[in-house]
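Student: First, the structure itself, so that you have it in front of you.
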Amino acid sequence: MASHLFLFVFALSMAAIVPSITAWGKEHIVGDEAGWRLQFDYQAWAYGKKFHVGDKLVFKYPTGAHNVFRVNGTGFQSCIRPAITEALATGNDTILLATPGRKWYMCGVGKHCEYGMKLFINVLPLYNAPTPAPSPAPAPLTYGKEFIVGDEARWTLGFDYQAWAKDKHFRVGDKLVFKYTPGAHNVYRVNGTGFESCIRPPATEALTTGNDIIVLATPGRKWYICGVGKHCEYGMKLFLTVY
């Protein structure tokens, strides 16, 4: 009898202390009316929003036109697609944000990710989650600054991009925007060796829209080059460090 009473009291206390995750959550339709599609700035959409454990992301799109992959920071930055069996593809994909921290999502169809169809967010703890001691509310992640590479000169020949980057502070969540006339140039993400020796990756990895947006999703060194003709050899490349 005593053991039954203990279990009953314990169950009641747990019900009072541990809130249901789904009961506390907010539903975020990714892209709002635009849904999940090409030619939409999902980092601008996420800017200023607060995502908490228990919230849900809903990706809405025509079935077959797109899909959704959960990836890590490296996969997000380089558009590395996981196994196709990991894709969400219903056209109404709901993802419960069950844990705090950084989350990355991308479309794995064609070159959609390379064209900017990806989303990076930071998930905060449960609403009204108990804390051991009073402390300031956690600051929401800000997506920082948008850097137009080269400013007014944009992405072009005859410009010193290392001088442009000098003294600038690039942080996780910032964005690089490479603006140029489509067909005249392109953008490749490379490693240090590729940067130094102007080694071009496969053409399928090139960004070519003329308005290529790269979210700096992970800290560390980043290298970019133009792969058209001898443009890289002529100095059309950029190296920076993300903090």
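The values are calculated or read from the model by the stated rules, or taken from the named source; none is laboratory data. Predicted model, so just to flag it, every value in this text is computed and none were measured. Reconstructed Cβ throughout: ideal geometry from the backbone, glycine too, with neighbour counts over all protein chains shown. In case anyone asks, the SASA skips ligands and DNA or RNA and just uses the protein heavy atoms, side chains included. Shrake-Rupley method; radii C 1.70, N 1.55, O 1.52, S 1.80 Å.
Student: Taking the range 196-211, which residues are surrounded by fewer than 17 Cβ atoms within 10 Å (Cβ to Cβ) and acidic (Asp, Glu)?
Tutor: Selection gives GLU196 alone.
Student: Here is a follow-up. Exactly one of these conditions fails for HIS66: (1) touching a His at 6+ places or on another chain (Cβ under 9 Å); (2) at pLDDT 95 or above; (3) within 29 Å of ARG221 (Cα to Cα). Give me its number.
Tutor: Only one criterion in (1) touching a His at 6+ places or on another chain (Cβ under 9 Å); (2) at pLDDT 95 or above; (3) within 29 Å of ARG221 (Cα to Cα) is unmet by HIS66, namely (3).
Student: On to the next question. Looking at the range 215-236 only, could you name the residues that are on the phi > 0 side of the Ramachandran plot and outside any loop (DSSP other than H, G, I, E, B)?
Tutor: From the range 215-236, those on the phi > 0 side of the Ramachandran plot are 220, 229, 235; that's our starting set.
Scanning the range 215-236 gives a single hit, GLY220.
Student: Among the numbered criteria (1) out of contact with any strand residue (DSSP E or B) (no Cβ under 9 Å at 6 or more places or on another chain); (2) modelled with pLDDT of 90 or more; (3) at positive phi, which single criterion is violated by GLY91?
Tutor: The number of the failed condition is (1).
Student: When you scan the range 164-190, how many residues do you find that are among the basic types (Lys, Arg) and open to solvent by 60 Å² or more (accessible area, probe 1.4 Å)? I'd like the intermediate steps shown before the answer.
Tutor: Looking only at the range 164-190, we keep the residues that are among the basic types (Lys, Arg), and these are 166, 168, 171, 175, 179, 189.
If we keep only those that are open to solvent by 60 Å² or more (accessible area, probe 1.4 Å) too, we end up with 166, 168, 171, 179.
Residues in the range 164-190 being among the basic types (Lys, Arg) and open to solvent by 60 Å² or more (accessible area, probe 1.4 Å): 4 in total.
Student: Given (1) of a type outside the set (Asp, Glu); (2) outside any loop (DSSP other than H, G, I, E, B); (3) open to solvent by less than 30 Å² (accessible area, probe 1.4 Å), where does THR193 come up short, assuming only one miss?
Tutor: Unmet condition: (3).
Student: Let me ask something additional. What are the residues in the range 212-243 that are of a type in the set (A, V, I, L, M, F, W, C) and open to solvent by less than 20 Å² (accessible area, probe 1.4 Å), if any?
Tutor: Answer for the range 212-243, where residues must be of a type in the set (A, V, I, L, M, F, W, C) and open to solvent by less than 20 Å² (accessible area, probe 1.4 Å): ILE214, VAL215, LEU216, ALA217, ILE225, CYS226, CYS232, MET236, LEU238, LEU240, VAL242.
Student: Further, regarding this structure: Only one residue in LYS166, LYS175 is touching a residue at least 40 places away in the same chain (Cβ under 8 Å) and among the basic types (Lys, Arg), so which one is that?
Tutor: Being touching a residue at least 40 places away in the same chain (Cβ under 8 Å) and among the basic types (Lys, Arg) holds for just one of LYS166, LYS175, which is LYS175.
Student: Among the numbered conditions (1) out of contact with any Pro (no Cβ under 8 Å at 6 or more places or on another chain); (2) crowded, with 18+ Cβ neighbours inside 10 Å; (3) among the aliphatic types (A, V, I, L, M), tell me where VAL71 comes up short.
Tutor: (1)
Student: Related question: Is there any pair linking a residue in the range 182-193 that is at positive phi to one that is part of a loop (DSSP other than H, G, I, E, B), with Cβ under 9 Å and at least six apart or on different chains, and which?
Tutor: Filtered contacts from the range 182-193: GLY183/THR208; GLY183/GLY210; GLY183/VAL228.
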